[in-house]
Amino acid sequence: NNVAPRFGFAYQVGKSTVLRGGAGIFYAPSLRAAGGTVGNFGYRSDTQLISMPDGVTPTNYLRNPFPDGLTPVVGNTQGLLTAIGSSISASLRGDSVVPYTENWSFNLQRQFPGNLLVEAGYVGSHGLHLTQTGEGTANLNQLTGDQLKLGTQLQQQVRNPFLGLITAGPLAAATIPQSFLLRLHPQFTTVNPLYMTGASSIYHSFQLKMEKRFTNGLSLLVSYTNAKLIDDFSIISNLGRNANMQNLWDRKNERAVSSNDISQRFIGSFVYAVPIGRGRRVGGDMHRAVDAVLGGWQMNGIVTFESGDALAITMTNSLSSIAGNNVLRPNNTGRSARIDGSVKDRLLRYFDISQFTAPAPFTYGNTGRTLPDVRGPGLKNLDFSLFKNFRIVERVSLQFRAESFNLTNTPSFSDPNQNYSVAAFGQITGTSNIARQVQFGLKLLW
């Protein structure tokens, strides 16, 4: 029933101007379409091959690797006792909504003299039922904020109602902390829902593009995007940067600027055949010897400017053993941690770390999933190349190529340390790009 309608239009306002727009619903692949990778408790078993118990002398060989047999698949025989006392990971029954996005766009396109095309537009999207968890990113046994108000009572030892049913692990003792029995599923240590849906996102952007088609030896493509992406979970499958949830039961306070948001991005690329040499505008009849030095050159380049990532501040999770949460964040004073100035001047104090404090025991921190106004260092990069063509005979030519990546050798600093609990909090200690690389090559064309 995944209906995916589309709508689009194009209207020519004048001889050189066109309005375009459209909208549609697009479904993402379900991450559980090929289930069976994890979970399937009762219907999957693992038998370990032990070939050398002492690490030296083989006892079991490939001709009979499992002399004691294979661990049986118990199926439904254990009923609700299946895997009790352990951590389980499985898909939720009934939670099978396929993630999708609602996309829309509107732009104005105009052709100018000189084969120059300019396009400006608005692009937006709304993500719904997005996959919000993978294995280990959420725990259905996490305590709620109201339960944490019990404070030290959560650590009190109480009689274990599972004594005798569970024979191994933390739930096998005669007494257990009271927090264990307040969990949604107290018979399990953790319950990780695989690929649970329910996350959402909203994206708005202004996009500008200018394109000059190849004429008079020059082609040019320039694009600029100013955008904002907001979500309450920042990763789909294994792609992208993620800022994990602190409180599974308080989704409202997980909504923030996405850790994948790049607010501004500019890319310009060009190809320029220098108009000097035989058959070109300048020196079209120059001597072959002179042409071999001055003629036939071509310049190419790609320049990139990009704003930094949204930062996600976390701390050592001292609450995990009690609350069952995966991430803990510090408190924020309510004032911005932003510090202006060049990145080089802020390497040891990129943002104001004094604006963060440790939360009180048995509470979650109030810092957002990402900081709204503090970004990591941006990117500035120029890739450049020079080509030179030598005509050997009519159908054979030799091309010399000199290429440089990060021509200006500009460092792109990595994000600052975002762990409140370490001494290097707020410090930048590395780079995320490579130093200038130069390579030369010869290419024979025939």
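The values are calculated or read from the model by the stated rules, or taken from the named source; none is laboratory data. Computed from a predicted model, the values in this text were never measured in an experiment. Quick reminder, even Gly has a Cβ in these numbers, built from the backbone with ideal geometry, and neighbours come from all protein chains shown. Note: accessible area is taken over every heavy atom of the protein model, side chains too, but ligands, DNA and RNA are not part of it. Shrake-Rupley method; radii C 1.70, N 1.55, O 1.52, S 1.80 Å.
Tell me yes or no: at least one residue of region 299-316 is at pLDDT 90 or above, aromatic (Phe, Trp, Tyr) and open to solvent by 70 Å² or more (accessible area, probe 1.4 Å).
yes
All but one of (1) modelled with pLDDT under 90; (2) in contact with a Lys or Arg (Cβ under 9 Å, 6 or more places away or on another chain); (3) assigned to a strand (DSSP E or B) hold for Tyr203; state the number of the condition that does not hold.
(1)
Which residues, taken from region 41-63, are within 30 Å of Thr77 (Cα to Cα) and among the hydroxyl-bearing types (Ser, Thr, Tyr)? Walk me through it before giving the result.
If we filter region 41-63 for residues that are within 30 Å of Thr77 (Cα to Cα), which is where we start, we get 41-50.
Those that are within 30 Å of Thr77 (Cα to Cα) and among the hydroxyl-bearing types (Ser, Thr, Tyr): Tyr43, Ser45, Thr47.
For (1) in a loop (DSSP other than H, G, I, E, B); (2) at pLDDT 85 or above; (3) surrounded by fewer than 10 Cβ atoms within 10 Å (Cβ to Cβ), each residue gets a yes or a no:
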| position | (1), (2), (3) |
| --- | --- |
| Val13 | no, yes, no |
| Leu49 | yes, no, yes |
| Asp54 | yes, no, yes |
| Thr57 | yes, no, yes |
| Tyr61 | yes, yes, yes |
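Among the numbered conditions (1) farther than 15 Å from Asn419 by Cβ; (2) under 25 Å from the mean Cα position of the chain (by Cα), tell me where Ala337 comes up short.
Result: Ala337 fails condition (1) only.
Of all residues being farther than 30 Å from Ile434 by Cα and open to solvent by less than 50 Å² (accessible area, probe 1.4 Å) in region 378-397, which is nearest to the chain's Cα centre (by Cα)? Just the residue, please.
Ser397
Name the single residue that is modelled with the lowest pLDDT among those in region 135-161 being within 18 Å of the chain's Cα centre (by Cα) and under 20 Å from Asp250 (Cβ atoms).
This residue is Gly136.
Here's a check for you: in region 83-134, which residue that is at positive phi and out of contact with any Gly (no Cβ under 9 Å at 6 or more places or on another chain) is modelled with the highest pLDDT?
We begin by selecting, within region 83-134, every residue at positive phi; these are 83, 85, 94, 114-115, 129.
When the remaining residues are screened for being out of contact with any Gly (no Cβ under 9 Å at 6 or more places or on another chain), the result is 94, 114-115.
Details: Gly94: 68, Gly114: 86, Asn115: 89.
Among those residues, the one meeting the criterion is Asn115.
Looking at (1) in contact (Cβ under 8 Å) with a residue 60 or more places away in the chain; (2) within 18 Å of Phe425 (Cβ to Cβ); (3) within 26 Å of the chain's Cα centre (by Cα), can you tell me which one Ala358 breaks?
(3)
Take the residues in region 86-120 that are free of Cβ contacts under 8 Å to residues at least 12 places away in the same chain and under 30 Å from Arg183 (Cα atoms); name whichever of them is most open to solvent (accessible area, probe 1.4 Å).
Arg93
Determine if region 239-258 includes at least one residue that is at pLDDT 85 or above, part of a strand (DSSP E or B) and either open to solvent by 40 Å² or more (accessible area, probe 1.4 Å) or over 30 Å from Ser86 (Cβ atoms) (or both).
yes
Among the numbered conditions (1) open to solvent by 60 Å² or more (accessible area, probe 1.4 Å); (2) at pLDDT 80 or above; (3) of a type in the set (A, V, I, L, M), tell me where Ala33 comes up short.
Unmet condition: (2).
Does Ser223 satisfy being more than 19 Å from the chain's Cα centre (by Cα) and on the phi < 0 side of the Ramachandran plot?
Against the criterion (more than 19 Å from the chain's Cα centre (by Cα) and on the phi < 0 side of the Ramachandran plot), Ser223 qualifies.
Test Ser397 against the criterion of being within 30 Å of Ala273 (Cβ to Cβ), without any contact (Cβ under 8 Å) to a residue 60 or more places away in the chain and not hydrophobic (A, V, I, L, M, F, W, C), and give yes or no.
Considered against the rule, which asks whether it is within 30 Å of Ala273 (Cβ to Cβ), without any contact (Cβ under 8 Å) to a residue 60 or more places away in the chain and not hydrophobic (A, V, I, L, M, F, W, C), Ser397 comes out as yes.
Which of the residues belonging to region 264-296 are open to solvent by less than 30 Å² (accessible area, probe 1.4 Å) and under 30 Å from Ala310 (Cβ atoms)?
Within region 264-296, Gly268 is the sole residue that qualifies.
Let me confirm something: among Arg436, Arg369, Arg375, which residue is under 27 Å from the mean Cα position of the chain (by Cα), open to solvent by less than 30 Å² (accessible area, probe 1.4 Å) and at negative phi?
After applying the criteria, what remains is Arg369.
Suppose we filter region 320-343 for residues that are outside any strand (DSSP E or B) and either of a type in the set (Asp, Glu) or touching a residue at least 60 places away in the same chain (Cβ under 8 Å) (or both); how many remain?
10
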